[in-house]
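Below you'll find the structure, written out as structure tokens, and then a few comments.
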Amino acid sequence: MDTYDLLTRNVDEVVTDEEVREVASDPDGKRVYVGYEPSGVLHLGHLLTANKLIDLQNAGMQVVILLADVHAYLNGKGTFEEIRETAEQMRAQFLAYGLEESQTEFVYGSSYQLEEDYVLDVHELELSTTLNRAQRAMAELQGDETAKVSHVVYPLMQALDIEYLDLDLAVGGMDQRKVHMLMREELPKLGYDARPCLHTPIVADLTTGEGKMSSSTGVTISMEDSMADLEEKVNSAFCPPTRDPEGDLENPVLELFEYHVFPRFERVLVERPDKYGGDLEYDGYEALAADLGSGKLHPADAKGTLASYLDELIAPGREKLREIRDE
RNA sequence: CCGCUCUUAGCUCAGCCUGGUAGAGCAGUCGACUGUAGAUCGACUUGUCCCCCGUUCAAAUCGGGGAGAGCGGACCA
């Protein structure tokens, strides 16, 4: 696979193609980041962007993970002390998941976001960004309550982080695209370069198959799920025996194979009793999805297989979490 | 600071005027049917009615106090 394809596989949006091709032409040592509000337990949403980071590391890039403690604080997630503690757990889980330690830099937002230059630049952005624009950037992310002033400062800081962390590329879910567009528009006004972005898809809700909208209360698979939890959650997932369900629905089981399993495993073995045709083996997503669509692969077998591969992905992080908690 | 409105199930809300210890929809749980899930059918669960005091035989409902949330308070219309 050539470098550009590796950088952009499984992404929903590339901004812009030319700029990312330039990064791909000489990726070695280039800096890419994702920002996360610290959380004690990683879930599949975190792992989806982590998969992309692993791709980028394989291409030789240096990954910067922003442990966005100040952002979490602005979002009402607790005291700095509480946020820090969950951030440390988050770091351990990312490394256990498979990020290469020598190519991963973890940075606390508070280590530079409270300094004078940064703060003055925030104010500069406050001056040039309309309330409406900042609020729209946050709408995907915040959704719920009445906007606080902190909520509109939040995306401005995200834009500045990309400059202050000295990045060549920004990664985020599709829910981050408005923030990134704000970044691309506003940074040049301060004399900084707009950076290219990669946006990962938002996976459909596991139980309903509804995509696009940020799932609020759906079932989430997380780093602390046991094999039994995974089997139960995956088994209850929406999974018609089709690739593309009717309407706006997606097949979340297939999406998990596409975005979580195949990026991490060369081949996938479906163990199946002879009664149903015996084992099947796949070396890529397309073949598996095609078989599910044609009926050759039954959803129940796909689910059992998915649960065990997810278990394998999660096991190291789950173990790490257990150690941390036992201390 | 002043004014208006709101606060009842996980969510959206009805009930309050005309007191009698609470309802709907959605969600959720469990069965049936499918070798998964969904859809469909059948059954079921859920509550400090924001808090305190008072009136009353009896308060979600009436009276007083308090808390939280939302909206509004130049001019124009």
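Side notes on the structure shown:
- Protection-proxy order for peptides A:10-16, A:320-326, A:201-207, each taking the mean of Cβ atoms within 10 Å per residue, highest first: A:201-207, A:10-16, A:320-326
- Taking A:Leu269, A:Leu160, A:Leu56 as the candidate residues, the one with maximal mean-square fluctuation in a Gaussian network model of chain A, Cα springs under 10 Å, is A:Leu269.
- Carbon and sulfur %, accessible surface of region A:3-200 computed with the full protein complex present, 1.4 Å: 47 percent
- A viscosity of 1.306 mPa s and a temperature of 10 °C, combined with the Kirkwood radius over Cα pairs in Stokes-Einstein, give a translational diffusion coefficient for region A:171-277 of 95 µm²/s.
- Computed E for A:Phe265/A:Ser150 - FRET, C-beta separation, R0 45 angstrom, nearest 0.05: 0.65
- Per residue accessible area in Å² of chain A, where ligands, DNA and RNA are left out and the probe is 1.4 Å: 47 Å²
- Taking 0.36 nm per residue of sequence separation and removing the Cα-Cα distance, the A:Glu82/A:Gln135 pair yields an extension gain of 16.4 nm.
- GNM result for chain A, Cα springs below 10 Å: residue of A:Ala59, A:Ala228, A:Ala302 fluctuating most strongly: A:Ala228
- FRET efficiency estimate (nearest 0.05) - Cβ-Cβ, A:Tyr118 to A:Asp279, R0 45 angstrom: 0.20
- Alpha-carbon centroid distance for the pair region A:76-136 / region A:226-262, whole angstrom: 32 Å
- Solution diffusion estimate, µm²/s, Stokes-Einstein, region A:218-327, Kirkwood Rh from C-alpha pairs, 20 °C, viscosity 1.002 mPa s: 146 µm²/s
- Scaled against the 2.2 N^0.38 Å expected of a compact globular protein of N residues, the Cα radius of gyration of region A:1-88 reads 1.26.
- Considering only A:Arg84, A:Arg267, A:Arg31, the mean-square fluctuation computed in a Gaussian network model of chain A, springs between alpha carbons under 10 angstrom, is largest for A:Arg267.
- As a ratio to 2.2 N^0.38 Å, the alpha-carbon radius of gyration for chain A is 1.03.
- Net charge of Cβ neighbours under 12 Å - reference A:Gly293; Lys, Arg +1; Asp, Glu -1: -1
- Projecting the Cα atoms of A:Leu297, A:Gly209, A:Val171 onto the dipole axis of chain A, where Lys and Arg carry +1 and Asp and Glu carry -1 at the beta carbon, places A:Gly209 farthest toward the positive end.
The values are calculated or read from the model by the stated rules, or taken from the named source; none is laboratory data. Quick caveat, the model's predicted, so the values are computed rather than measured. When we count neighbours, we look across all protein chains shown, and the Cβ atoms used for this are built from the backbone with ideal geometry, even at glycine. Heavy atoms of the whole protein, side chains included, go into the accessibility calculation; ligands, DNA and RNA do not. Shrake-Rupley method; radii C 1.70, N 1.55, O 1.52, S 1.80 Å.
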